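Report on the following structure.
The values are calculated or read from the model by the stated rules, or taken from the named source; none is laboratory data. No experiment lies behind these values; they were computed from the predicted model shown. Ideal geometry is used to build each Cβ from the backbone, glycine not excepted, and the neighbour counts take in all protein chains shown.
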Amino acid sequence: MASAPIRILGLDPGLRRTGWGVIEAMGTKLSFIACGTVMPPEDEALAVRLAVLHDELARVLRAHLPDEAAVEETFVNMNPASTLKLGQARGVVMLTPALAGVPVSEYAALLVKKTVVGAGRAEKGQIRMMMKVLLPQADFTTDDAADALAVAVTHAQHRGMAALRARVAAQ
C-alpha cells in the first residue's frame with residue numbers, strides 16, 4: 001500500500017526577504033505546490049516588520065496546510081547587530097509553523113546545497129537551476145523562494161533521519 005503524500009513548507013529566513021516554498025513528497029517523487037517571498041517594509045520599526053513576517057507566514061500556512069516545515073539554519077554574520085536581527089526573524093519563522101502545530105526541522109545551508117546540487121559550496125545560480133530540474137513547474141522569481149524550495153527538498157530527502165534525531169533527543 002502506498003503512503004500518503006507529505007506536504008512540506010521550506011523556509012529561508014531573513015528580515016528583508018523570507019523565502020517560502022511548498023512541495024509534496026510521495027516516496028522519491030516531488031511535486032511543486034507554491035512558493036513566494038515575504039518582504040516586510042524596510043521603513044517600519046523592527047517589531048512591525050516581525051509582525052508582518054508572522055502574519056504573512058501564517059497566511060501561507062492557512063493557504064497550503066503543510067504537514068511539516070523545514071528552516072535553513074542561519075550562519076553567523078560578521079556584524080553582530082545584523083546577526084541579532086536575522087536571529088529575531090528566524091525565531092518568527094520557526095515560531096509561526098510551530099504555533100500552527102506543524103513540526104519544524106532545521107538544516108544547515110551546506111547540507112541543503114549538498115543535497116540539491118551535490119556540492120556544499122554551491123552558488124545561488126546552481127540552486128535555481130537544480131530547482132528547475134527537480135521541480136520543473138516551480139515559478140520562483142527570487143533566490144529566496146528558490147532557496148526555500150531547496151530547503152523543502154532537503155527535508156523530503158532527510159526527514160526520516162530528522163524524525164529519528166527528534167525521538168532520540170526527547171528521550
- Task: Being under 16 Å from the mean Cα position of the chain (by Cα) and surrounded by fewer than 15 Cβ atoms within 10 Å (Cβ to Cβ) is the filter here, so list the residues in region 68-86 that pass it.
- Result: Glu73, Phe75
- Message: Tell me whether region 74-85 contains one or more residues that are within 17 Å of Ile6 (Cα to Cα) and not polar (S, T, N, Q).
- Response: no
- Message: Quick check on region 66-93: of everything there that is among the hydrophobic types (A, V, I, L, M, F, W, C), more than 18 Å from Gly19 (Cβ to Cβ) and not in a helix (DSSP H, G or I), which residue is modelled with the lowest pLDDT?
- Response: Val76
- Item | Hits in region 122-142 - residues which are charged (D, E, K, R) and under 17 Å from Leu111 (Cα atoms) | Glu123, Lys124, Arg128
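Could you list, in sequence order, all residues of region 123-141 that are part of a loop (DSSP other than H, G, I, E, B) and within 25 Å of Ile6 (Cβ to Cβ)? I'd like the intermediate steps shown before the answer.
Going through region 123-141, the residues part of a loop (DSSP other than H, G, I, E, B) turn out to be 123, 135-141.
Selection gives Leu135, Pro136, Gln137, Ala138, Asp139, Phe140.
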- Task: Test Val104 against the stated conditions and say whether it is within 26 Å of Met26 (Cα to Cα), at pLDDT below 95 and within 15 Å of the chain's Cα centre (by Cα).
- Result: no
- Task: With the condition kept exactly as written, say whether any residue in region 98-108 is in contact with a strand residue (DSSP E or B) (Cβ under 7 Å, 6 or more places away or on another chain), over 30 Å from Ser3 (Cα atoms) and not aliphatic (A, V, I, L, M).
- Result: no
- Message: Going through Ala98, Ala119, Ala156 one at a time, which residue ends up being buried (at least 20 other Cβ atoms within 10 Å of the Cβ) and either free of Cβ contacts under 8 Å to residues at least 60 places away in the same chain or not in a loop (DSSP other than H, G, I, E, B) (or both)?
- Response: Ala156
- Task: Kindly indicate whether Arg59 is out of contact with any Asp or Glu (no Cβ under 7 Å at 6 or more places or on another chain) and either on the phi < 0 side of the Ramachandran plot or of a type in the set (A, V, I, L, M, F, W, C) (or both).
- Result: yes
